[in-house]
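Scroll down for the structure; my scribbles are underneath it.
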Amino acid sequence: MISARHVTVRAGQRTLLDAVSLDMVPGKVLAVIGPNGAGKSTLLGALAGTLRPASGQVNVDGRALGDWRPVALARRRAVVGQSASLAFPMDAAEVVGLGRLPWHGTPGAARDHAAVAAALSATQATHLAGQAYATLSGGERQRVQIARALAQLDGADQPAALLLDEPTASLDVRHVASLLRLVRRLAQGGLAVLVVLHDLNEAAFVADRVAILVEGRLVASGLPRDVLDPVSVAQIYGIEFRKLADGSLLPRFSDVCVW
């Protein structure tokens, strides 16, 4: 669906992403993890088309990303960033409705109301529909933004792609679990999903494949059970991990130096 081939992104003299190649596959969840500043959000931006690579290429369905008309691309892929602010007062349902703009003037517009309702329901945000977006908590805003992305892809020709940048960061434990299960269901329904995460156990739970970035380089990519082992992640994060009986990883915080 979306593929990166030797993609390099620079900011001035600094290399943010260094010749990274990977694929988003329909029906699969790709989790991208790595330390702070590893290039995870930069990779998402390059795949989404919001950042232009200095070299390498991103393709969508075999066509160069730059060859897609913006409105056509918006009907095939949706992006949820780490934060989103609004310049105008809107309620949550209106924000979700923004996701339907690419369908304006098409037969798909007939689904606008149903798509918004379905997206709010999927993210457990129906009760927020009439509330002012500015008054919502960080976690509530995140759920509304994810609903906007789902509404945007409602009616999309398959395959379509969803890119999520740290979607669990503002959520409580219950809503983290709900979101991860939703991501799995979306992939099972045919979406190609990329999700940037910090929590290794969340990545192990939700992902079909895990990609690890360190200082802009792709250092590992594979099945969660192969990539997320205590020795490998200890080398990447500089902290020891212990594997529990259920397979989850527990960091040894006592080994971390005080700032």
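The values are calculated or read from the model by the stated rules, or taken from the named source; none is laboratory data. Keep in mind that this is a model prediction, so the values were computed, not measured. No Cβ is skipped: glycine too gets one built from the backbone with ideal geometry, and neighbour counts run over all protein chains shown.
Among 98, 51, which is the only one that is aliphatic (A, V, I, L, M), outside any strand (DSSP E or B) and out of contact with any strand residue (DSSP E or B) (no Cβ under 7 Å at 6 or more places or on another chain)?
Working: 51 fails: out of contact with any strand residue (DSSP E or B) (no Cβ under 7 Å at 6 or more places or on another chain).
98 is the lone residue from the list that is aliphatic (A, V, I, L, M), outside any strand (DSSP E or B) and out of contact with any strand residue (DSSP E or B) (no Cβ under 7 Å at 6 or more places or on another chain).
So how many residues does segment 45-69 have that are surrounded by 20 or more Cβ atoms within 10 Å (Cβ to Cβ) and within 23 Å of residue 155 (Cα to Cα)?
Residues meeting the conditions: 4.
If the requirement is being surrounded by fewer than 17 Cβ atoms within 10 Å (Cβ to Cβ), touching a Pro at 6+ places or on another chain (Cβ under 8 Å) and at negative phi, which of these qualifies: 87, 72, 134? Steps first, answer last, please.
Numbers: 87 fails: touching a Pro at 6+ places or on another chain (Cβ under 8 Å); 72 fails: touching a Pro at 6+ places or on another chain (Cβ under 8 Å).
Exactly one residue qualifies, and that residue is 134.
With the structure loaded, tell me whether residue 124 is of a type in the set (S, T, N, Q), out of contact with any strand residue (DSSP E or B) (no Cβ under 7 Å at 6 or more places or on another chain), in a helix (DSSP H, G or I) and under 28 Å from residue 33 (Cβ atoms) or whether it fails that test. Steps first, answer last, please.
Values: of a type in the set (S, T, N, Q): yes; out of contact with any strand residue (DSSP E or B) (no Cβ under 7 Å at 6 or more places or on another chain): yes; in a helix (DSSP H, G or I): no; under 28 Å from residue 33 (Cβ atoms): yes.
Judged against the criteria, residue 124 is not a match.
Condition first: assigned to a strand (DSSP E or B) and modelled with pLDDT under 95. Now tell me which residues in segment 1-13 satisfy that. Spell out how you get there, then give the answer.
So the first thing to find is which residues in segment 1-13 are assigned to a strand (DSSP E or B), and the list is 2-11.
Within segment 1-13, just 11 meets the criteria.
Condition test on residue 140, is it among the acidic types (Asp, Glu) and under 13 Å from the mean Cα position of the chain (by Cα)? First the steps, then the outcome.
Numbers: among the acidic types (Asp, Glu): yes; under 13 Å from the mean Cα position of the chain (by Cα): no.
When the stated conditions are applied, residue 140 does not pass them.
Restricting to segment 205-235, give me the number of residues that are under 13 Å from residue 32 (Cβ atoms) and in a helix (DSSP H, G or I).
Here the count works out to 3.
Right, residue 20: modelled with pLDDT of 95 or more, surrounded by 15 or more Cβ atoms within 10 Å (Cβ to Cβ), assigned to a strand (DSSP E or B) and not hydroxyl-bearing (Ser, Thr, Tyr) or not?
Details: modelled with pLDDT of 95 or more: yes; surrounded by 15 or more Cβ atoms within 10 Å (Cβ to Cβ): yes; assigned to a strand (DSSP E or B): yes; not hydroxyl-bearing (Ser, Thr, Tyr): yes.
For residue 20, the condition - modelled with pLDDT of 95 or more, surrounded by 15 or more Cβ atoms within 10 Å (Cβ to Cβ), assigned to a strand (DSSP E or B) and not hydroxyl-bearing (Ser, Thr, Tyr) - is met.
Kindly indicate whether any position in segment 72-87 is touching a Ser or Thr at 6+ places or on another chain (Cβ under 9 Å), touching a residue at least 60 places away in the same chain (Cβ under 8 Å) and hydrophobic (A, V, I, L, M, F, W, C).
Among the residues of segment 72-87, at least one is touching a Ser or Thr at 6+ places or on another chain (Cβ under 9 Å), touching a residue at least 60 places away in the same chain (Cβ under 8 Å) and hydrophobic (A, V, I, L, M, F, W, C), which makes the answer yes.
If you take the residues of segment 164-223 that are of a type in the set (D, E, K, R) and more than 15 Å from the chain's Cα centre (by Cα), which of them is surrounded by the fewest Cβ atoms within 10 Å (Cβ to Cβ)?
Taking the candidates together, the pick is 174.
Of a type in the set (A, V, I, L, M, F, W, C), out of contact with any Gly (no Cβ under 8 Å at 6 or more places or on another chain), outside any helix (DSSP H, G or I) and over 19 Å from residue 121 (Cβ atoms) - does that describe any residue in segment 172-179? Steps first, please.
The first filter runs over segment 172-179 and keeps only residues of a type in the set (A, V, I, L, M, F, W, C), leaving 173, 176-177, 179.
Filter once more, keeping what is out of contact with any Gly (no Cβ under 8 Å at 6 or more places or on another chain): 173, 176-177, 179.
Then drop every residue that is not outside any helix (DSSP H, G or I), which leaves none.
No; the residues of segment 172-179 include none that is of a type in the set (A, V, I, L, M, F, W, C), out of contact with any Gly (no Cβ under 8 Å at 6 or more places or on another chain), outside any helix (DSSP H, G or I) and over 19 Å from residue 121 (Cβ atoms).
Among the numbered criteria (1) buried (at least 16 other Cβ atoms within 10 Å of the Cβ); (2) under 30 Å from residue 244 (Cα atoms); (3) out of contact with any Ser or Thr (no Cβ under 8 Å at 6 or more places or on another chain); (4) at pLDDT below 95, which single criterion is violated by residue 156?
(2)
Among the residues that make up segment 60-70, is at least one of them closer than 23 Å to residue 207 by Cα and at pLDDT 95 or above? So that I can check it myself, show each step before the final result.
Our first condition is that a residue be closer than 23 Å to residue 207 by Cα; within segment 60-70, this holds for 60-61.
If we keep only those that are at pLDDT 95 or above as well, we get 60.
Taking every residue of segment 60-70 in turn, at least one turns out to be closer than 23 Å to residue 207 by Cα and at pLDDT 95 or above.
Kindly establish whether residue 15 is within 16 Å of residue 212 (Cα to Cα) and either in contact (Cβ under 8 Å) with a residue 60 or more places away in the chain or hydrophobic (A, V, I, L, M, F, W, C) (or both).
Numbers: within 16 Å of residue 212 (Cα to Cα): no; either in contact (Cβ under 8 Å) with a residue 60 or more places away in the chain or hydrophobic (A, V, I, L, M, F, W, C) (or both): yes.
In short, no.
Among (1) touching a strand residue (DSSP E or B) at 6+ places or on another chain (Cβ under 7 Å); (2) under 24 Å from residue 150 (Cα atoms); (3) surrounded by 18 or more Cβ atoms within 10 Å (Cβ to Cβ), where does residue 82 come up short?
(3) is the only condition that residue 82 fails.
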